[in-house]
Each structure stands twice: as structure tokens, then as C-alpha cells.
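See structure below.
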């Protein structure tokens with residue numbers, strides 16, 4: 001999936017069934033809203049879906065929606081703070097003597113665990129919805145850029161020089177997003193950490 | 001400059017003098033509009049500047065503005081297509097036998113030449129304006145992400161496998177943006193290609 005392939009993606013019946021089965025995963029209002037939003041974005045497109053549609057599908061009021069999310073875009077990005085916290089905690093806790101790239105690789109693996117803990121269909125369908133909408137892509141890129149900046153700061157606090165920290169942090173994010181894209185490809189059988197490790201091996205080979 | 005430092009930056013008299021002196025560089029309407037826009041964005045902030053303000057400062061009508069640019073944001077991004085073309089042409093023309101990272105490093109140097117050919121104050125002031133506005137940052141990140149995707153495609157056309165191409169392209173863009181950020185730092189005396197080469201050396205050392 002690439003940022004240049006901006007097409008409205010219409011979900012197949014199998015995809016939709018996959019999301020519907022997520023209902024069992026988080027049966028509270030918040031969870032129902034997430035599932036309803038993703039279903040509707042996938043079925044109708046992100047722009048064509050309103051907060052009222054999402055609330056109705058989830059069986060709650062619009063007021064309940066706004067108690068949980070500031071707008072419909074936030075439903076897709078609510079996990080990004082927890083992800084960043086996991087990355088920063090991992091960097092801070094890394095044993096001394098590890099190279100900056102090793103520290104980043106471990107940190108991004110802890111992030112991948114959070115994503116892999118979501119219901120099976122969710123990350124792939126979310127990725128498809130984001131890829132179909134330039135404003136969502138831009139928001140995703142900004143979140144990843146801010147993650148790289150925060151990770152670089154955390155590396156600097158461990159004594160890594162500024163430029164090295166920036167390159168290591170950005171490379172960690174590159175390995176993460178490349179691994180993610182491979183993982184959500186149709187027909188992929190490897191899990192997310194395995195896809196990430198393959199991307200890391202490519203990065204090492206590249207500069208060897 | 002980081003995406004988390006989102007502050008409205010007020011320009012000093014010296015900065016403004018630097019931009020004003022660009023007037024000599026491109027004395028046509030298009031050039032005057034670019035200078036006027038950057039001056040106003042820097043003085044008042046991007047959100048606070050209208051197309052009418054820009055046209056007035058440049059001494060042209062709003063209609064002339066829209067003959068050159070689709071909106072005020074486009075003034076800041078008009079060079080990005082030429083930059084992408086330079087990168088893709090460089091990749092396509094690279095001698096066989098060069099490693100993917102070497103090909104990307106050369107391609108990004110050709111991009112840096114385009115940026116370094118701008119008037120001395122322009123890239124730094126533009127970077128400050130972009131950093132002060134999240135929607136401009138998002139647009140900048142999307143342009144860079146699309147550049148990486150296009151570069152990865154170009155590498156694949158040279159026979160580089162998909163994941164390697166993606167990691168190499170993204171790493172090239174990382175080296176480019178890290179070098180750029182160093183170059184526009186206050187007090188920097190090295191030129192852009194030198195800053196980029198330092199970032200590339202850091203990338204190589206990271207994975208050694």
C-alpha cells in the first residue's frame with residue numbers, strides 16, 4: 001500500500017465479517033464505537049461517514065461518542081499515545097552498552113506488540129482506510145514524525161549525540177513502518193515482529 | 001527545529017532584511033509573490049496572512065496570484081515536483097553496480113543542489129514557517145513520504161528487491177532531512193551537501 005495509491009477502497013464481505021467479529025473483543029461503548037467507525041469508513045469511505053452514523057451503528061448517542069473521542073479522525077489514532085509511551089519507556093529501560101540502533105529496534109518491537117494485540121483484522125483494515133485518504137495519511141505521518149523526534153530526545157538523554165540519535169530514531173521508525181506495510185499485505189503469513197526483523201536486516205545489509 | 005516545537009516564530013529585523021534582499025533574485029511576478037508570501041508568513045504567521053495580503057505586498061492583483069498558485073500553501077511547496085524529478089532522474093541515471101544506498105545518496109545530493117540554489121535566507125525562513133504550523137508540517141511530511149515511495153519505485157526498476165528499495169529510499173530521505181535540519185540551524189557554517197554527508201556517515205556508523 002503506498003501513499004500514491006489514493007483510491008476509495010470498498011471492503012469485501014469477508015473483510016466486513018472480520019471487523020464485525022471484533023465486536024466480541026471490546027464490548028463496551030468505546031469498543032463498539034471503534035468497530036462501528038472502522039466498519040463504516042471501510043464500507044462507505046471516511047469522508048462519507050458522519051459521527052451520527054457511527055453513534056447509530058454502535059447503538060449509542062452522539063453525546064456518548066464525544067465523551068470518548070474529540071472527532072471521527074481521533075477514533076483511528078487513539079492508540080498512538082500509548083504506542084509512543086511504550087517506545088519511550090523501552091528506550092529509557094534499555095541496558096547500557098547497547099548501540100542506539102539496537103535500543104531502537106527493541107523499542108519498536110515493544111510498539112509492534114501493542115499493534116499485534118489488536119483483533120486480527122483491525123490493523124490491515126485501518127491501514128486501508130488511512131491509505132485511501134490524504135488527510136489521514138498526513139496525520140499518520142505527523143504521528144510517526146513526532147514519535148521519531150521523541151525517540152531521538154530519549155536517546156539523547158542516554159548520551160547519544162544529537163545527529164546519531166536522530167538518524168537512529170528515524171531508522172527505527174522506518175524499520176517499523178516498512179515491517180508494518182509488509183505485515184498487512186494480503187497473503188502475508190509472517191507475524192509483525194518477524195516482518196520488522198526482516199526490515200532491520202535489510203537496513204543493516206544496506207549500509208554494510 | 002522539531003515538530004513538537006510548535007510556536008509562532010516572529011522574525012527579527014535581520015531575517016526580514018534577508019528575505020527582502022531576495023527581491024533581486026526573481027524580479028518577475030511569480031518571484032515577487034514568493035518573497036511577499038514568505039515575508040508575510042514570517043512576520044504575521046501563516047494563518048494570519050491572506051492571499052489578498054500577499055498580492056498587495058507583491059504589487060499584483062489576486063487574479064495574478066491565482067494564475068501562479070492554487071492557494072497560499074502552494075507557494076511554499078512549488079519546488080517539490082522539480083525536486084522529485086531531480087531525484088528520480090538521478091536514480092535512473094546511476095551507473096550499474098552502485099549499491100542502493102549509494103544511488104540514493106547521489107540522488108539526494110542532486111536534490112540538495114536545487115535547494116542550495118535558492119537565495120541564502122529562503123530555506124531557513126521557510127523551514128521556520130513550516131515548523132510553526134501543523135498543517136504545513138503534515139503537508140511537508142506527505143511530500144517527503146511520496147518522494148520516498150517514488151524513489152523506492154525507481155530503485156525497483158533498477159532491479160532492487162522491494163523491501164531493500166523501500167528501506168534504501170526512506171534512509172536516503174532521512175539523510176536528506178537530517179542534513180537539512182542541521183544546515184538550517186542558526187550558526188551553521190557547513191553547506192547543505194556537507195551536512196548531508198555527515199548524516200550519511202552517521203547512518204553507516206549506526207549499522208556497522
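Here is how the numbers come out for the structure above:
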| read-out | value |
| --- | --- |
| Unmet criterion (only one of (1) at pLDDT below 95; (2) away from chain B (no Cβ under 14 Å)) for residue A:53 | (1) |
| From the options A:173, A:184, residue that is on the phi < 0 side of the Ramachandran plot, more than 10 Å from every other protein chain (Cβ to nearest Cβ) and touching a residue at least 60 places away in the same chain (Cβ under 8 Å) | A:184 |
| Residue within region B:86-109 that is farther than 16 Å from residue B:171 by Cβ, within 12 Å of the chain's Cα centre (by Cα), surrounded by fewer than 18 Cβ atoms within 10 Å (Cβ to Cβ) and free of Cβ contacts under 8 Å to residues at least 40 places away in the same chain present | no |
| Selection count where residues are touching a helix residue (DSSP H, G or I) at 6+ places or on another chain (Cβ under 7 Å), surrounded by 14 or more Cβ atoms within 10 Å (Cβ to Cβ) and more than 7 Å from chain B (Cβ to nearest Cβ), scope region A:191-208 | 5 |
| Residue B:151 more than 11 Å from the chain's Cα centre (by Cα), more than 14 Å from every other protein chain (Cβ to nearest Cβ) and touching a residue at least 40 places away in the same chain (Cβ under 8 Å) | no |
| Identity of the residue in region B:126-141, within 11 Å of the chain's Cα centre (by Cα) and more than 16 Å from residue B:81 (Cα to Cα), that ends up surrounded by the fewest Cβ atoms within 10 Å (Cβ to Cβ) | B:127 |
| Single residue of region B:156-170 satisfying the filter (in contact (Cβ under 8 Å) with a residue 40 or more places away in the chain and either more than 9 Å from chain A (Cβ to nearest Cβ) or surrounded by 23 or more Cβ atoms within 10 Å (Cβ to Cβ) (or both)) that is nearest to residue B:207 (Cα to Cα) | B:168 |
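The values are calculated or read from the model by the stated rules, or taken from the named source; none is laboratory data. Everything numeric in this text was worked out from a predicted model, so none of it was measured. No Cβ is skipped: glycine too gets one built from the backbone with ideal geometry, and neighbour counts run over all protein chains shown.
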